[in-house]
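The values are calculated or read from the model by the stated rules, or taken from the named source; none is laboratory data. Quick caveat: nothing in here was measured; it's all calculated off a predicted structure. Backbone-built Cβ (ideal geometry, glycine too); neighbour counts: all protein chains shown. For accessibility, only protein heavy atoms count, side chains too; no ligands or nucleic acids. Shrake-Rupley method; radii C 1.70, N 1.55, O 1.52, S 1.80 Å.
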Amino acid sequence: MSRRRELLALGDARIDVIVEGAGPAIVLLPSSLRDSEDFDALAELLAAQGFQVLRPQPRGMGRSSAPPVGMTLETLADDVAGVISQMVQGPAVVVGHAYGHWVARITDLRHPQHVRGVVVLGAAARQFPVGMAEALAVASDPSQPEDERLAALRLCMFAPGNDPRPWLQGWHPQWRAAYRQAAQHPPKEQWFGRGNAALLDLQGAQDPWRPAATRREVADALGAKVTVQEIANASHALVPEQPQAIGAAVAAWVRGLDNPA
């Protein structure tokens, strides 16, 4: 499957976009402090199923401009909308993994004309379970001992039997403060219970960030527009754990937007 990169000008910023395939557009947004290279396998699967897959690199990653002072989730959502506006004829389905799902949902709220559907992958509970953020801080810090990082990855990111070693690499901890600050604006209480487009909530069946009691909290907040689906043998990392299952679920759901039962 052919793959190319484009560097888009969005005002004063430059956004690096990986592009594959042709057809209805799907935009993939990665999790915190990681870049869109994480989606290699998933992007290839979706492109092979007849979709155009766009992967904007987050601010500070790839050739994208560094995070600006005062960056917010709205800044990141505006980047996504700008990519769709320049590269897609009409709206796109926006897929966000973990932190990326916040960006996807803010894009839907701020730019509904550019979003035909939202998919959230590994969305954490509204209130993070105890210990998860601390484990992620260790897992994402290359200065920590490898055995401690692997233990943290197994605790908070990978299901038993799934290999966490590939995620020892690929972190961008130099932007931790910028992305942590951005996540506070707008506050979650302002957007969590709001949404425009239909939404697919894909959850790892063994994701400790999403305890059983919270599995339907997005559906409870947004109502019938939400479809909840679990992915077996997957935790919070989800994307590297089960790319084929995710690809099949996303493709089927997107096709259903045009052909509702």
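Give me a count of the residues in region 190-238 that are among the hydroxyl-bearing types (S, T, Y), in contact with a helix residue (DSSP H, G or I) (Cβ under 9 Å, 6 or more places away or on another chain) and either within 26 Å of R110 (Cβ to Cβ) or open to solvent by 40 Å² or more (accessible area, probe 1.4 Å) (or both). Talk me through it step by step, then tell me what you get.
First, the residues of region 190-238 that are among the hydroxyl-bearing types (S, T, Y): 214, 227, 235.
From the residues that got through so far, the ones that are in contact with a helix residue (DSSP H, G or I) (Cβ under 9 Å, 6 or more places away or on another chain) too are 227, 235.
Then keep just the ones that are either within 26 Å of R110 (Cβ to Cβ) or open to solvent by 40 Å² or more (accessible area, probe 1.4 Å) (or both); that gives 227.
Result for region 190-238: 1.
Hey, any hits in region 67-89 for a residue that's surrounded by fewer than 19 Cβ atoms within 10 Å (Cβ to Cβ) and at pLDDT below 95?
Looking for residues that are surrounded by fewer than 19 Cβ atoms within 10 Å (Cβ to Cβ) and at pLDDT below 95, one finds at least one in region 67-89, hence yes.
Per-residue answers, yes or no, for (1) under 29 Å from A219 (Cα atoms); (2) assigned to a helix (DSSP H, G or I); (3) free of Cβ contacts under 8 Å to residues at least 24 places away in the same chain:
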residue	(1), (2), (3)
R126	yes, no, no
A133	yes, yes, yes
E148	no, yes, yes
G161	no, no, no
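Can you tell me which residue in region 163-178 is farthest from A232 (Cα to Cα), limited to those that are hydrophobic (A, V, I, L, M, F, W, C), in a helix (DSSP H, G or I) and touching an Asp or Glu at 6+ places or on another chain (Cβ under 9 Å)?
Restricting to residues being hydrophobic (A, V, I, L, M, F, W, C), in a helix (DSSP H, G or I) and touching an Asp or Glu at 6+ places or on another chain (Cβ under 9 Å), the top hit is L168.
Each row is one residue, and each column tells you yes or no for (1) open to solvent by less than 20 Å² (accessible area, probe 1.4 Å); (2) small (G, A, S).
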| position | (1), (2) |
| --- | --- |
| A104 | yes, yes |
| H111 | no, no |
| V120 | yes, no |
| Q127 | no, no |
| V130 | no, no |
| A133 | no, yes |
| E148 | no, no |
| P166 | no, no |
| K188 | no, no |
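Are any of the residues in region 26-49 open to solvent by less than 50 Å² (accessible area, probe 1.4 Å), without any contact (Cβ under 8 Å) to a residue 60 or more places away in the chain and over 19 Å from L7 (Cα atoms)? So that I can check it myself, show each step before the final result.
Within region 26-49, the first condition is being open to solvent by less than 50 Å² (accessible area, probe 1.4 Å), and the residues that meet it are 26-36, 38-39, 42-43, 46-47.
Now restrict to residues that are without any contact (Cβ under 8 Å) to a residue 60 or more places away in the chain: 36, 43, 47.
Then keep just the ones that are over 19 Å from L7 (Cα atoms); that gives 47.
Looking for residues that are open to solvent by less than 50 Å² (accessible area, probe 1.4 Å), without any contact (Cβ under 8 Å) to a residue 60 or more places away in the chain and over 19 Å from L7 (Cα atoms), one finds at least one in region 26-49, hence yes.
Are any residues in region 178-200 basic (K, R) and more than 16 Å from the chain's Cα centre (by Cα), and if so, which ones? I'd like the intermediate steps shown before the answer.
Step one: of region 178-200, the residues basic (K, R) are 180, 188, 194.
Selection gives K188, R194.
Looking at region 229-237, can you tell me whether even one residue there is hydroxyl-bearing (S, T, Y), in contact with a Gly (Cβ under 6 Å, 6 or more places away or on another chain) and farther than 25 Å from A25 by Cβ? Steps first, answer last, please.
Of all residues in region 229-237, those hydroxyl-bearing (S, T, Y) come to 235.
Restricting the remaining residues to those that are in contact with a Gly (Cβ under 6 Å, 6 or more places away or on another chain) gives 235.
Adding the requirement that they be farther than 25 Å from A25 by Cβ leaves 235.
Yes, the conditions are met somewhere in region 229-237.
Restricting attention to strands (runs of 3 or more DSSP E) lying wholly within region 1-66, give those where 2 or more residues are under 16 Å from the mean Cα position of the chain (by Cα) and under 23 Å from L257 (Cα atoms).
Output list reads 25-29, 52-56.
In region 91-105, what count of residues is obtained for those that are out of contact with any Pro (no Cβ under 9 Å at 6 or more places or on another chain) and among the small types (G, A, S)?
Step one: filter region 91-105 for residues out of contact with any Pro (no Cβ under 9 Å at 6 or more places or on another chain), giving 94-95, 101-102, 104-105.
Restricting the remaining residues to those that are among the small types (G, A, S) gives 104.
Residues meeting the conditions: 1.
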